[in-house]
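Note sheet for the following structure.
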Amino acid sequence: MNQSLVKLKLIVIGLLFSTVVLAQEQKTQEFTVERIIPVSAERVWKVVGLEFADIAKSHPKLADSHYVEGTPMTGEGCERICTFSEDGEKYTKEKIVNFDPENYSFRAEINGIAGLPLETDISYVIYDVDPISENSCKLSLKMVYRTNPAVMGVLAKGRFKKNLTDYTIAIEHHVKTGEDVNPETFKQIRKQYL
């Protein structure tokens, strides 16, 4: 009788532990970064939505980016590779879904990755460009993600948020000046917008 009780307790503990682990594995983190940009929504949309694959021109962390052959050049289903290192070993592969050019909105799903602790097919960024006036708009980037291991999600949130905040600054600079932004030039550019 005593052995049966011990076995039952072990089974209950095992079920509880697996439930907690499964719940942790399904948990995502999220945050939103917003920036008011003194440029028309159309001009910002052109850079983030219509020139999706050219993100390296307006991203302070990317070494390169390019369109994935065989996918649409823009709009629903367009895919890009974003390379974070010169050797190409650290990258994300992203795909546009829910493309809504009339409302300046889309979702960039992360469906491939190397060298970064993100889970694919669960992590994404929602881009929204909201007109404020003829010459200003609000850019909102909402990131939803899960890291591998999942426990890193809370630790990585600050870095991811800083990177997206810097990206909004770089977008503003690129749209206003036409200058490409890259890791070498961003430090000086950032000082102009703080």
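I'd like the residue in region 104-119 that is out of contact with any Lys or Arg (no Cβ under 8 Å at 6 or more places or on another chain) and in contact (Cβ under 8 Å) with a residue 24 or more places away in the chain and, out of all such residues, is farthest from E30 (Cα to Cα). That would be Y104. Would region 72-80 turn up any residue that is of a type in the set (D, E), in a loop (DSSP other than H, G, I, E, B) and surrounded by fewer than 18 Cβ atoms within 10 Å (Cβ to Cβ)? Yes, region 72-80 has at least one match.
If you go through region 149-175 and keep only what is under 18 Å from D128 (Cβ atoms) and of a type in the set (K, R), you end up with just K161. Checking each residue of region 157-178 against the condition of being more than 23 Å from W45 (Cα to Cα) and in a loop (DSSP other than H, G, I, E, B) gives no match.
The number of residues in region 116-129 being surrounded by fewer than 19 Cβ atoms within 10 Å (Cβ to Cβ) and not in a strand (DSSP E or B) comes to 6. Among the residues making up region 179-194, a single one is in a helix (DSSP H, G or I), closer than 21 Å to S85 by Cβ, touching a helix residue (DSSP H, G or I) at 6+ places or on another chain (Cβ under 8 Å) and of a type outside the set (A, V, I, L, M, F, W, C): R190. For V97, the requirement of being touching a Lys or Arg at 6+ places or on another chain (Cβ under 6 Å) and under 25 Å from G153 (Cβ atoms) is met.
Considering every residue within region 92-115, establish whether at least one is of a type in the set (S, T, N, Q), assigned to a loop (DSSP other than H, G, I, E, B) and within 23 Å of R190 (Cα to Cα). Looking through region 92-115, none of the residues is of a type in the set (S, T, N, Q), assigned to a loop (DSSP other than H, G, I, E, B) and within 23 Å of R190 (Cα to Cα). Within region 48-61, residues that are under 11 Å from N182 (Cβ atoms) reach partners that are among the small types (G, A, S) and not in a helix (DSSP H, G or I) with beta carbons closer than 6 Å, at six or more positions or on different chains, in the pairs A56/S65. From the list V68, V97, the one residue that fits, being more than 18 Å from M143 (Cβ to Cβ) and in contact with an Asp or Glu (Cβ under 6 Å, 6 or more places away or on another chain), is V68. Of the residues making up region 138-159, those that are crowded, with 20+ Cβ neighbours inside 10 Å and not small (G, A, S) are L139, L141, M143, Y145, R146, T147.
None of the figures in this text is laboratory data; all of them are computed from the coordinates on show. Since the model is a prediction, treat every value here as computed from it, not as a measurement. Virtual Cβ from ideal backbone geometry, glycine too; neighbours counted across all protein chains shown.
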